[in-house]
1. Return one number: the angle in degrees, 0 to 90 and rounded to the nearest 10, between the long axis of the Cα atoms of helix 66-89 and the longest principal axis of the Cα atoms of the chain.
2. Tell me, what is the per residue accessible area of the chain in Å², probe radius 1.4 Å?
3. Between the range 74-98 and the range 22-39, what's the alpha-carbon centroid distance in Å?
4. Stretch residue 19-residue 184 to full length: gain in nm at 0.36 nm per residue minus the Cα-Cα span?
5. In debye, nearest 20, what is the charge dipole magnitude of the range 71-186 about its Cα centre with +1 on Lys and Arg Cβ and -1 on Asp and Glu Cβ, if you could check?
6. Please give me the summed charge of the neighbours of residue 150: other residues whose Cβ is under 15 Å from its Cβ, Lys and Arg +1, Asp and Glu -1.
7. How far is helix 151-168 tilted, in degrees, relative to the longest principal axis of the Cα atoms in the chain, given as a value from 0 to 90 rounded to the nearest 10?
8. With the cut-off at 1.5 for a/c, could you classify the range 79-136 from its C-alpha gyration tensor as rounded, prolate or oblate?
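The values are calculated or read from the model by the stated rules, or taken from the named source; none is laboratory data. Just so it is clear, the structure is predicted and the values come from calculations on it, not from any experiment. So basically every Cβ, Gly included, is an ideal-geometry build from the backbone, and we count neighbours across all protein chains shown. Just so you know, the surface numbers come from the protein's heavy atoms only, side chains and all, with ligands and any DNA or RNA stripped out. Shrake-Rupley method; radii C 1.70, N 1.55, O 1.52, S 1.80 Å.
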Amino acid sequence: EVHQGGVMKLVNVEQEGAYATITIEMDADDIAGEMPVIYMTIAHQMGLHPKAGQTAKDQVLGSISAEEAMRRSAGFLMSVSAMKGIDLAGCDIVGEPKCSYEEPPHEGESFTYQMQVALVPQMELTSYDSVSVPSQESVLEGFKNGGQRDPELEATQYRRYVAVSKLSQRLDGNVPDEAFEAAYNELLQSFRTAMRERDMTEEDYFAKEG
């Protein structure tokens, strides 16, 4: 079944377990509308400098063939359209889509590509009993002389972490690797943000923590 959104078409969605393959077709007009910016990007990557009266397309096609330029445009086209395609498919995903194609785009023709995506896992709690977390006061007591810039906030975040950790042990379901990767990247970003706020390097932190 084909669903159309603007000039982009959702050709097919195949789901297998925690993953799905989405097939997208970009219309020739849609591709043509993206190409001026793509040519500018390719020209920049090639280190081409603009000359009077030349467009970015002129510059690029003066250095590489039209077929090579369209081949290089594939990644850009998939990047700018992927999230819209995922919306058309009605998928909730974790991680980044992995895009591929069998035939590169050709000027004046439509372009079809596939995305492999990891779906948000459907999980069930094995128990709805309450969980116990340390009180704000006890966490703040443990933070004494710890160098926290915002002890109240960090204590709240720590208690949230404890609650989430305990609840996660009650989850029943299959979690794709991409979900763990996304969670790890989010945790790493939070850690690095905290280090910048404390004017510390990661090496300083681990040296202090032993």
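1. Its long axis makes an angle of about 50 degrees.
2. On the way: 13980 Å² over 210 residues.
Solvent-accessible surface per residue comes out at 67 Å².
3. Each part reduced to its Cα centre gives a spacing of 14 Å.
4. 57.5 nm
5. Details: 10 positive and 19 negative charges, 54 e Å.
For the range 71-186, the charge dipole is close to 260 debye.
6. Values: positive: 144, 149, 159, 160, 196, 198; negative: 152, 154, 197, 199.
The answer is +2.
7. Result, in degrees: 80.
8. Working: a/c = 4.41, a/b = 3.52, b/c = 1.25.
It comes out prolate by the Cα gyration axes.
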